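The values are calculated or read from the model by the stated rules, or taken from the named source; none is laboratory data. What you see is a predicted model, and the numbers here were worked out from it, not measured in a lab. All Cβ positions, glycine included, derive from the backbone under ideal geometry; neighbour counts span all protein chains shown.
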Amino acid sequence: MIACPTCGQDIEQPPDDPLILTKYQGIIFRALSKRPRETTELIDILYSDDPNGGPDHPEVTIRSLISQMNRVLKEHNLRVWNVGHGRGGPGTYRLEELT
């Protein structure tokens, strides 16, 4: 891991991957590259090992992480998309290629 020159947060940069993502963005990216995930699944994936249980409003944090991540992904013709949710449901995110 290396430190982000802007915010100082740890970022992952795999040697053969031109994407530069923060730790949590990398976790989201890897999870979504396998299959679409509901927001609640992403919360579990990101914060299940956190002794404090994660942030107070993890849905907001995930939306923010994905928004920031999409700026990077756009340069690689990718995006994370919220494919919607049913009545009051958690929403489902998927990784898709831009055409």
### Query
On the given criteria, is LEU19 closer than 23 Å to THR99 by Cβ, of a type in the set (A, V, I, L, M, F, W, C), touching a helix residue (DSSP H, G or I) at 6+ places or on another chain (Cβ under 8 Å) and at pLDDT below 95?
yes
### Task
For the stretch 43-99, name all the residues that are at pLDDT 90 or above and on the phi > 0 side of the Ramachandran plot.
GLY54, ASN77
## Note on the structure
In the stretch 62-84, residues that are touching a residue at least 24 places away in the same chain (Cβ under 8 Å) and either under 22 Å from ASP10 (Cβ atoms) or part of a helix (DSSP H, G or I) (or both) total 10
## Note on the structure
Residues in the stretch 24-55 that are surrounded by 14 or more Cβ atoms within 10 Å (Cβ to Cβ) and not in a helix (DSSP H, G or I) total 5
